[in-house]
Amino acid sequence: MSGVLLIEDNPDDVELTLRAFRKNNIANDIVIARDGQEALDALFGDGAFGPASGELPSLLLLDLNLPRVSGLEVLRRIRGDQRTRLLPVVILTSSDEEQDLIEGYSLGANSYVRKPVDFAEFAEGIRVLGLYWLVLNRAPPPVKA
Amino acid sequence: MQTETVTGTATDELNRELELRVAERTQELAVAVRELEAFAYSVSHDLRTPLRALDGFSQALLEDYGDQLDETGLDYLRRIRAGSQRMSVLIDDMLRLSRVSRSEMQLEPLDLAGIARDVIAELTAGDAGRGVTFVVTETAPATGDARLLRIALFNLLENACKFTRRTDSPRVEFGMKEKNGQMMYFVADNGAGFDMAHAERLFGAFQRLHRADEFEGTGIGLATVQRIVRRHGGGILAESTPGDGARFHFTLSGGNLT
């Protein structure tokens with residue numbers, strides 16, 4: 001279990017996040033879901049981390065502002081499902097609004113990171129994130145069927 | 001008795017009409033505040049995203065294709081980055097200013113001199129207050145929103161530090177004294193000062209009286225202070241002589257100051 005699920009609708013932010021991972025030699029497989037529905041398909045449908053796949057991501061990076069199904073709704077569904085409720089979720093968003101912080105944590109996010117505008121800062125943030133969540137942090141064990 | 005009844009009815013009618021109007025205006029105000037909140041959220045999220053692309057991909061160009069560009073090309077890319085970073089600072093400052101208007105005031109008894117000393121401790125710990133002599137004189141207890149007043153004092157004191165950066169013995173003072181016949185709080189510095197001829201621009205958002213290469217800043221600090229003191233029911237005025245420092249006087253009640 002070492003994949004990363006990046007849930008992000010903005011193609012520029014996807015590219016920049018992948019670039020930041022590359023620059024920091026973080027080699028984990030990154031699966032991208034480009035809106036809330038794709039994220040749910042990836043985790044609960046026939047996607048890369050669906051029940052049939054036998055796989056779960058080590059880390060979910062979740063943008064809040066997603067079309068079709070919102071980031072907070074995706075989080076609610078993740079925390080509501082027996083198979084996925086323990087997965088580490090880091091909210092990675094442009095929003096600095098207190099309401100989003102409160103709701104994110106209330107719904108069970110493990111961490112809340114604001115995407116900086118400056119790319120050097122952003123890359124450094126991804127480096128630190130990757131080091132912490134993928135190397136230092138111990139992922140929860142897979143749920144026994 | 002006929003006249004009394006007529007007068008009674010007319011007064012009731014007037015009261016009803018006024019109450020209706022108050023209810024309408026209150027509703028309009030509530031809508032406006034909600035729109036302001038939505039706008040602030042939009043600014044925080046929607047404007048920053050394309051900015052990140054501007055910054056990120058110009059950086060990517062510099063890193064990956066820099067060796068194929070001449071010095072002018074590299075300079076252009078650096079300017080794009082600098083522009084997007086500056087815009088990010090402006091957006092954050094605008095957001096902070098809008099939050100000051102949106103937040104609910106929580107009034108409590110407080111000691112402004114105490115808050116000033118707190119802010120000074122923070123400024124001294126960082127870069128801003130380095131080498132500056134601060135003088136705080138005691139102030140009478142007041143009532144206000146501690147969080148907002150801390151922001152106001154922070155902006156005033158940080159400004160004072162900034163504009164004394166080129167002064168030999170920088171000195172910043174906070175206290176209370178009589179001016180124009182009433183007691184006012186003041187922040188005074190012995191720094192660069194400004195030309196009073198342009199003083200009416202001083203409190204306008206994003207309006208600056210100095211060039212970016214003289215003193216950095218976005219021009220939001222004083223607009224924020226003015227908004228905060230006005231929300232308390234007071235006002236602010238400034239006076240200065242170029243080269244001889246600036247003095248900002250403010251009140252937390254008694255209406256606007258000219």
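The values are calculated or read from the model by the stated rules, or taken from the named source; none is laboratory data. These figures come from a predicted structure and were not determined experimentally. Positions of Cβ are backbone-derived with ideal geometry, glycine not excepted, and every protein chain shown enters the neighbour counts. All accessible areas refer to the heavy atoms of the entire protein, side chains included, with ligands and DNA or RNA removed. Shrake-Rupley method; radii C 1.70, N 1.55, O 1.52, S 1.80 Å.
A few remarks follow.
- Projecting label points 7 angstrom from Cα along Cα→Cβ for B:GLU35 and A:GLU124 puts them 4.1 nm apart.
- Low-density loop cleavage sites - GluC sites (Glu not before Pro) in region B:117-202, where at most 12 other Cβ are within 10 Å (DSSP): B:GLU138
- Pair A:GLN82, B:ALA197: separation of 7 Å Cα→Cβ label points (nm): 8.0 nm
- Hypothetical label at B:VAL135: residues of region B:155-188 whose amide nitrogen lies under 15 Å (7 Å Cα-Cβ projection): B:169-178, B:186-188
- Which of A:VAL74, A:VAL113, B:VAL89 is most accessible, then next, and so on - probe 1.4 Å: B:VAL89, A:VAL113, A:VAL74
- Sites B:GLU13 and B:THR49, calculated FRET efficiency, Cβ-Cβ separation with R0 45 Å, nearest 0.05: 0.25
- Between the listed residues B:VAL172, B:LEU69, B:PRO109, the Cα displaced farthest toward the positive end of the dipole of chain B, a dipole computed from Cβ unit charges relative to the Cα centre, is found at B:VAL172.
- If the segment from B:ARG25 to B:GLU239 were pulled out straight at 0.36 nm per residue, it would be longer than the present Cα-Cα gap by 73.3 nm.
- Cα gyration tensor category, rounded, prolate or oblate, for chain B with a/c compared to 1.5: oblate
- Residue-by-residue Karplus 3J(HN,Hα) for region A:36-53, coefficients 6.51, -1.76, 1.60, Hz, glycine and proline x: x, 5, 4, 4, 5, 4, 5, 8, 10, x, 9, x, 4, 10, x, x, 6, 6
- Its Cα centre serving as origin, the protein assembly as shown has a Cβ charge dipole (Lys and Arg +1, Asp and Glu -1) of approximately 740 debye.
- Against the criterion of solvent-accessible heavy-atom surface with a 1.4 angstrom probe, B:GLU214, B:GLU13 sort, most first, into B:GLU13, B:GLU214.
- Residues whose amide H lies under 5 Å from that of B:GLY193, counting only those 5 or more places away or on a different chain, are B:GLY243, B:GLY245, B:ALA246; hydrogens are built 1.01 Å from N in the peptide plane.
- Whole-Hz ³J(HN,Hα) from phi, Karplus 6.51 cos²θ - 1.76 cosθ + 1.60, for region A:63-77, glycine and proline x: 7, 8, 8, 10, x, 6, 10, 6, x, 5, 5, 4, 4, 4, 5
- Ranked by solvent-accessible area (1.4 Å probe, protein heavy atoms only, all chains present), the residues A:TYR105, B:TYR76, A:TYR112 order from largest to smallest as B:TYR76, A:TYR105, A:TYR112.
- Relative contact order of chain B, pairs being alpha-carbon contacts under 8 Å that are 6 or more residues apart, as %: 14 percent
- B:THR143 accessible area, 1.4 Å probe, all protein chains in place, Å² to nearest 10: 90 Å²
- Residues with amide H under 5 Å from that of A:ASP81, placed H, sequence gap 5 or more: none
- Relative contact order (%) - region A:7-145, alpha-carbon pairs under 8 angstrom, separation at least six: 24 percent
- A Cβ-based charge dipole, computed about the Cα centre of region A:6-79 with Lys and Arg at +1 and Asp and Glu at -1, lands at about 240 debye.
- Near the amide H of A:SER111, within less than 5 Å, lie the amide hydrogens of A:VAL89, A:ILE91, all on another chain or at least 5 residues away, with H placed in the peptide plane.
- Mean residue ellipticity (222 nm) of chain A, computed from DSSP H runs ≥ 4 via -39,500 (n - 2.57), nearest 500: -11000 deg cm²/dmol
- Solvent-free Debye scattering, log10 I(q)/I(0), computed from the Cα coordinates of the protein assembly as shown at q = 0.08, 0.11, 0.15 Å⁻¹: -0.62, -0.98, -1.27
- Area accessible to solvent at B:HIS210, 1.4 Å probe radius, in Å²: 40 Å²
- Taking θ as phi - 60° and the Karplus parameters 6.51, -1.76 and 1.60, the scalar couplings of region A:102-117 work out to 4, 5, x, 5, 4, 7, x, 5, 8, 7, 9, 10, 8, 5, x, 6 Hz in sequence order, x denoting glycine and proline.
- Pairs of lysine residues in the protein assembly as shown that meet both criteria, 8 or more places apart or on different chains and Cα atoms under 30 Å apart, total 4.
- Loop-located chymotrypsin sites (Phe, Trp or Tyr not before Pro) in region B:198-253 (DSSP state other than H, G, I, E, B) with a sparse environment of at most 14 neighbouring Cβ atoms within 10 Å: B:PHE206.
- Chain B: DSSP helices with Cα axial extent of at least 24 Å and average Kyte-Doolittle hydropathy no lower than -1.0: B:2-42, B:48-65, B:71-102, B:146-163
- Interface residues in region A:113-130 - accessible area drops by 40 Å² or more relative to the isolated chain, probe 1.4 Å: A:ARG114, A:VAL117, A:ASP118, A:PHE119
- Accessible surface of A:ARG114 - all protein chains present, 1.4 Å probe, nearest 10 Å²: 60 Å²
- Overall, chain B carries a charge dipole of about 300 debye about its Cα centre when +1 sits on the Cβ of Lys and Arg and -1 on the Cβ of Asp and Glu, all other atoms neutral.
- Whole-percent carbon and sulfur share, accessible surface of the protein assembly as shown, 1.4 Å: 53 percent
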